[in-house]
1. What number of residues within segment 268-310 satisfy the criterion of being of a type outside the set (Lys, Arg), under 30 Å from residue 40 (Cβ atoms) and either more than 9 Å from the ligand (Cβ to nearest atom) or open to solvent by 40 Å² or more (accessible area, probe 1.4 Å) (or both)?
2. Identify, please: which residue in segment 165-211 is open to solvent by 20 Å² or more (accessible area, probe 1.4 Å) and of a type in the set (Asp, Glu) and is, among those, nearest to residue 118 (Cα to Cα)?
3. Please tell me if residue 281 is over 17 Å from the mean Cα position of the chain (by Cα) and farther than 19 Å from residue 29 by Cα.
4. Are any residues in segment 156-169 of a type outside the set (Lys, Arg) and either at positive phi or within 21 Å of the chain's Cα centre (by Cα) (or both), and if so, which ones?
5. If I go through segment 36-60 residue by residue, how many of them are assigned to a helix (DSSP H, G or I), closer than 13 Å to residue 302 by Cα and under 22 Å from the mean Cα position of the chain (by Cα)?
6. Being within 16 Å of the ligand (Cβ to nearest atom), among the hydroxyl-bearing types (Ser, Thr, Tyr), open to solvent by 10 Å² or more (accessible area, probe 1.4 Å) and at pLDDT 95 or above narrows it down to one of 265, 261, so name that one.
7. Do we have residue 98 as more than 25 Å from residue 314 (Cβ to Cβ), within 16 Å of the ligand (Cβ to nearest atom) and either modelled with pLDDT of 95 or more or of a type in the set (Lys, Arg) (or both) here?
8. Might you check whether a residue that is away from the ligand (no atom under 15 Å from the Cβ), more than 21 Å from residue 59 (Cα to Cα), without any contact (Cβ under 8 Å) to a residue 24 or more places away in the chain and among the polar types (S, T, N, Q) occurs anywhere in segment 224-235?
Amino acid sequence: MDVQQLQSTAQALVVEGKGILAADESTGTIKKRLDSIGVESTEETRRAYRELLFTTEGAEEFISGVILYDETIRQSASDGTPFPKLLASKGVIPGIKVDTGAKPLALTDGETITEGLDGLRDRLEEYRELGARFAKWRATYSIAHDKPSEYCVWTNAHALARYAALCQEAGLVPIVEPEVLQDGTHTIAESRKATGRVLQAVYTELHDQRLDFRGTLLKPNMVLSGYDASDRASADEVADVTLECLYKHVPAAVPGIVFLSGGQSDEDATAHLNAMNARGPHPWQLSFSYGRALQAPALKAWGGKEESVEAAQRAYYHRAKMNSAARTGMYAPEMERQAVTA
Ligand code: 13P
């Protein structure tokens, strides 16, 4: 294992002012996104939508890497350039989602285990040949009085570490994504407790399975009150509680923490990241690896229409720029309004 090469890829992904675009929606998930704008999900509409994002001029000022899906890493732009090559030509690092999804965990009441370990060594080798330099695996956990169970926490941590070790062996930086879902009516304290338990198990397994933390990135949820809670925590509280949790559970050798947006509004995801960076410096870079929070306005502006591609690209560029500002604590909500009136 070449730790230096892994570390330099990880550091490039969290270089100052930049973050990651998660464009790795599975075929089922991207269908839901396209359904929401009345566009039929076909191989061609999925390709056209991803091309719109990847060819947005100037986005590379704010975007260090893009996570692709198995179908997407094999697709090309209209001029025939394979997507990984197109991204690399702009200095954007291609990555790949390698889990095969969260499935019901046997003998639990609705908890999940993420699958995809069988044959993973061979798949990683192929993805590397296709241009990927990092990978992602997502585990999910729900919050309820008896959830997440210890069983769910530890089986997913074990699988995440097996995936991460195979990635380092193959020369790919593993993005380790344990997502404690923030749906429901839980308090921020309950989210803090669940997130801490999950992170503790993940770092125990990563250590036991011989990972070198310098060549990894963490992609966690922010610690929030439930989306349906009656009394929701403020941005300052989210920043304080999330940071306290991360300081307690994430080793300083990890180069960066790249949050998922997880269903927060675009502007909340930006404001929360900004509030955390405003409290820096921290032992790790604090950045973003957003799917919905980077793409939602672009998807809406596009609506599947060729004549709306530019408007969609402007919307994506704007969100990337706002999140770049949040990397240094320099974001202010007024910047949203200035953009609208500009
Ligand atoms: P969201 O930012 O939409 O949560 O997506 C990030 C991601 O990659 C989820 O696995």
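The values are calculated or read from the model by the stated rules, or taken from the named source; none is laboratory data. All figures in this text were calculated on a predicted structure; none of them were measured in a lab. Using ideal geometry, Cβ is built from the backbone for each residue, glycine included, and neighbour counts are taken over all protein chains shown. Each accessible area value is taken on the protein alone, full model and side chains, heavy atoms only, with ligands, DNA and RNA left out. Shrake-Rupley method; radii C 1.70, N 1.55, O 1.52, S 1.80 Å.
1. Matching residues across segment 268-310 total 13.
2. If we take residues in segment 165-211 being open to solvent by 20 Å² or more (accessible area, probe 1.4 Å) and of a type in the set (Asp, Glu), then 169 is nearest to residue 118 (Cα to Cα).
3. Working: over 17 Å from the mean Cα position of the chain (by Cα): yes; farther than 19 Å from residue 29 by Cα: yes.
Taking the combined requirement at face value, the residue satisfies it.
4. Filtering segment 156-169 for residues of a type outside the set (Lys, Arg) gives 156-161, 163-169.
Within segment 156-169, 156, 157, 158, 159, 160, 161, 163, 164, 165, 166, 167, 168 meet the criteria.
5. So the first thing to find is which residues in segment 36-60 are assigned to a helix (DSSP H, G or I), and the list is 43-54, 59-60.
In the following step, the residues that additionally are closer than 13 Å to residue 302 by Cα were identified as 45-46, 48-53.
Narrowing the set further to residues that are under 22 Å from the mean Cα position of the chain (by Cα) leaves 46, 48-53.
Result for segment 36-60: 7.
6. Working: 261 fails: open to solvent by 10 Å² or more (accessible area, probe 1.4 Å).
Selected residue: 265, the only one of 265, 261 that is within 16 Å of the ligand (Cβ to nearest atom), among the hydroxyl-bearing types (Ser, Thr, Tyr), open to solvent by 10 Å² or more (accessible area, probe 1.4 Å) and at pLDDT 95 or above.
7. Numbers: more than 25 Å from residue 314 (Cβ to Cβ): yes; within 16 Å of the ligand (Cβ to nearest atom): yes; either modelled with pLDDT of 95 or more or of a type in the set (Lys, Arg) (or both): yes.
Answer is yes for this residue.
8. yes
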